[in-house]
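The structure appears below as structure tokens.
The values are calculated or read from the model by the stated rules, or taken from the named source; none is laboratory data. Predicted model only: the values in this text are computed from it and were never measured. Here Cβ is always computed from backbone atoms with ideal geometry, including for glycine, and neighbour counts include all displayed protein chains.
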Amino acid sequence: MKRPSSPKDPLGGEDWARLRKSEARLRAILQQATDGILTVSEEGVVESFNPAAERIFGWSAEEVVGQNLSLLMPDPERGEHAGYIERYLRTGEAHVIGSTVLVEARRKDGAVFPAELSVSEVRFAEGRFFLGILRDASASRSAEEALADSTERLGAVLNAAAELAIIATDPGGTITLFNRGAERMLGFTAQEVMGEASPLVFHRGDEVEECGRDLSRRLGRPVRGFDIFAELAKGGPAREREWNWVRKDGSTLLALCSITPLYDAKGLPSGFLWIGRDITEARRQEQALRESEERFRTLSTSSPVGVFQTDAEGQCLYTNPRWCEITGLGPEESLGVGWIRAVHPEDQDELLMAWRRALLWDTEMIHEFRFRRPDGEDRWVLARAAPVRSSEGKVRGYVGTAEDITERKRAEEALRDSEARTRAIVQQLLDGLVTITEEGIIELVNPAAQRMFGYTEEELVGRHLSLLLPETVGGDPKAFLRQAHRRAIGRVTEWEARRKNGSVFPVEVSLFEFQALQGRRFAGNVRDLTKLKEVERLKREFVSTVSHELRTPLTSIRGSLGLLAGGAAGPIPEKAGELVSIALKNSERLILLINDILDMEKIESGRMEFAIQPLAVMPQVEQALAANQAYAGQYGVRLVLAQAAPGSQVLADPNRLAQVLANLLSNACKFSPPGGTVDVSVRADGGWVRISVKDHGPGIGEEFRGRIFQRFAQADASDARQKGGTGLGLSISKAIVEHMGGRIGFETETGRGTTFHVELPAPRSVDGTEPSPGGARRPVLVCVNDAEASRRLQEALAQEGYAVESAATAWEARGLIERSDYAALLMSPELPDGDGLTFVRNLRSGASGRSLPVVMVSGQRPGPSERVEGEALLILDWLSPPLERERLADTIRLAARGGRTAGKPRILHVEDDPDVVRVLAVVLAGEAELVSARSLEEARRLLKREPFDAAILDLDLPDGLGLDLLPQLKAPGGRALPVIVFSAAELPREMARKVDAALVKSRSTNQDLVATLHALIETQEGAARAGSKTEE
């Protein structure tokens, strides 16, 4: 700038020197700015174009200066830009001027890209122009773009940067420049600090001192006061640093600031420049998402976001390297509309609609969408674009940014219940969100919580949390908060809550704590479980119904396949035999699956039954290892017995224990590394035996440990996909172990593995008589609840030549039966530690009690009206699979010799399914004569005409319930026939008392049915003989 020679020049020499110095300082700022800065005349002509703008658009200043701003705009803005400026100059109506917007701009190569643009109108003595600052960052605004050719214009540029604090000092630290952004941010006016204060006035003293100590250690000399900032500014390009700035009113803000040395025209140091932006809110959000440190380290590097520019028509003119990195496209591929190819197909229509709307109305666009990179990876971006206008207000193009928010998206999905989430996200949550203080005072409730509890926000905020709790809990809110903190922090737990109308309902709560500026706070993500509980109830009913309906056809399928495989239809070719074998095995797998589903339903309803008996532990464990070794091989894992306890026994159901061990072993295999081992240990300790299964996998996460035994519980949704399973195994195992009187637990260490423990009670020692030597009569066991009746029974049996042993409880009797061979068991229907019917059912499930005759001794002989139930109480036979056919065949041959002069037993089979009828006819063809009836009416006609030795009944018949036939099922002489219920439905206990045996179709094999029938005929004939003696 040359000084005018007019004698009327009001500026003296010193004034011109200061003006030139100020101009040099401001030009240095513009040259070092990382954002593009351009000025446009009222006619829309570009007057200046700084180096950053050259890099962004790909045009040189010489190519752009003097051209209309529409050169930098995509269509349709290019053609409409002049109209925008003209309209603004005429009416003052502004779409962009005076604000920061998202636009699309166009590079020299034609590429269209989004950009964030701030446009300001600058007025001075000679007229006015428009200043545009093209931003290359969206999460934080890092610099101002300014370009001017006079002190007045440069000052206007600085003051236009309202969101940046731009502060300059002389070499000694005295503030010489304090823009409006700094005034707004810090609360000081320029007059208060310029020439009077140092930047130390708005820095926290302890923070500056700590920085000084660090610099002193590194430099080996004391560094204090303003010298700290001077040292930070040395050594190359400016680096951003976080500082806690103190406002005039004493409040603090977190600023991201760069300090750069300034030089005069001669290259001599002339001071320092601060450029800072307030990042307090950004840091608060990032801290809630646990990404702050990583995110701001990323922001501290150059070009952290993608930058693009389009022409007025929306054609992409330029994209920066970060844009190309995000999209996977090369610079040339993004030009024009080529960038659209990288947009995820599902997001293209919505994005293009938003983009066209912005182009049509000359407005900014803010939109989230996905880019699908050529390598197949999807990247989420937040795109911001704002129009760039000429001095006439015409849109000349758009500039914008594309911020990669993939990690933020993932964090939002994983941390939906975070209190620090932005208000907009909280408002959109489907679950209720409640935030409270340490004292339990409600500070925030989102709309979902308001709807859930029936209160408005005004009715809840400021009230105590006890308002939302049942009266039984709300009476002692402090105790509840202590319990909640201990039980629910970091876990998903179930509670009861109370609505405004007083109704109590179940909720699932995810409770977490966080540190707010005001102190510690608690937030709970609340989900109403009312509908879920109802769905679970309906699910149980549905599972039970469907499973029962599947049993009958599966019984026919398995029975038929079993007969074919056993040669009942004659020899079959080898290949056909293999196919039959495959079909039979898979039908059995399907049956097991149905039974497992029913097991889950019975656990939930408390109806699961157990055959608990003394078991040798090691054979059970060794069998489980052998059965699961092939499964372990699929994962490259070996099952190893690390410690044994020979001779140890437990009280357990063998089948249920095998199920538990299979669950634990399969889980351990899934989570073990290939080549590793799963170690199984057995140890007896006092009255308990502990079975441990240890893997060497990743361990169980802290957040999952509290709910590991819940139904459908899995640490991550990916577990089901990668490892398989439904999340029911551990829940079922826990229910089984606890029902058998045991306990289950685990120990885990992240990165080193998990050990599950099953502890089961060992049988107590019981004194008993040793079995009689060979040739002598087997003893009879008496177990009745009346001591005097027991004594009389023992005396009567002794007179008949029997050795007699006694037991006072069902548990004691079980131990004796396990160790000795008895001729019969006499027992009461009711015992001190259980009922006799359940004891017999469990007895028939064990090897030692399958064929033991059982006589129920009642305190009163049944009268005529109670004959059916009385005879059922006298002799019962309850059966659960599996049973060997050989033992059952022996039983029926004994029955055939037990009082019948000749011929096979005649069996009445009442069943409406023709397939089941045909299968049973083949199964019993060599053992009994089967006569079938399809209805109750047909069965009654047959009973009137013909005698039968036993009956097999289905429960559900076309004309009624199968049990309705019981009064008519009589043998000659009036005694009740043995009755087997063979049905898809399991018989309730009160109905089971009326029959002799109950078999479930899908749980019983052909051999089970044959054996049960023979055993009942044998015991019935023995009872008839005993009854004759009693009557005599």
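Here V395, V381, V388 are screened, and the one residue that is crowded, with 21+ Cβ neighbours inside 10 Å and under 31 Å from the mean Cα position of the chain (by Cα) is V381. Inspection of segment 653-668 finds no residue satisfying the criterion of being within 16 Å of T748 (Cα to Cα), in a loop (DSSP other than H, G, I, E, B) and touching a strand residue (DSSP E or B) at 6+ places or on another chain (Cβ under 6 Å).
Among the conditions (1) at pLDDT 70 or above; (2) surrounded by fewer than 19 Cβ atoms within 10 Å (Cβ to Cβ), G725 misses just one, which is (1).
Within segment 812-834, residues that are surrounded by 17 or more Cβ atoms within 10 Å (Cβ to Cβ) sit with their Cβ atoms under 7 Å from residues that are among the hydroxyl-bearing types (S, T, Y), at 6+ positions apart or across chains, in these pairs: I817/S848; E818/S848; P829/S858; L831/T809. Regarding segment 457-480, can at least one residue be identified that is of a type in the set (D, E, K, R), at pLDDT 90 or above, within 21 Å of K533 (Cα to Cα) and outside any helix (DSSP H, G or I)? So far as segment 457-480 goes, no, none of its residues is of a type in the set (D, E, K, R), at pLDDT 90 or above, within 21 Å of K533 (Cα to Cα) and outside any helix (DSSP H, G or I). From the set of residues in segment 318-364 that are assigned to a loop (DSSP other than H, G, I, E, B) and among the hydroxyl-bearing types (S, T, Y), which is surrounded by the most Cβ atoms within 10 Å (Cβ to Cβ)? That would be S334.
For segment 291-306, the criterion of being modelled with pLDDT under 80 and more than 37 Å from the chain's Cα centre (by Cα) is met by at least one residue.
Test N628 against the stated conditions and say whether it is touching a strand residue (DSSP E or B) at 6+ places or on another chain (Cβ under 9 Å), outside the structural domain of L955 (by TED's automatic domain parsing), modelled with pLDDT under 75 and surrounded by 14 or more Cβ atoms within 10 Å (Cβ to Cβ). No.
Flag: V381 does not match the condition of being farther than 30 Å from V461 by Cβ, in contact with a Lys or Arg (Cβ under 7 Å, 6 or more places away or on another chain), assigned to a strand (DSSP E or B) and not charged (D, E, K, R).
Look at E986 and say whether it is closer than 18 Å to T555 by Cα, part of a loop (DSSP other than H, G, I, E, B) and modelled with pLDDT of 60 or more. Yes; evaluated as a whole, the condition is true for this residue.
Would you point out the residue of segment 492-527, among those that are in contact with a helix residue (DSSP H, G or I) (Cβ under 7 Å, 6 or more places away or on another chain) and free of Cβ contacts under 8 Å to residues at least 60 places away in the same chain, that is nearest to R284 (Cα to Cα)?
L511
Kindly check whether there is at least one residue in segment 212-224 that is among the basic types (K, R), under 17 Å from G173 (Cβ atoms) and at pLDDT 85 or above. Yes: one or more hits.
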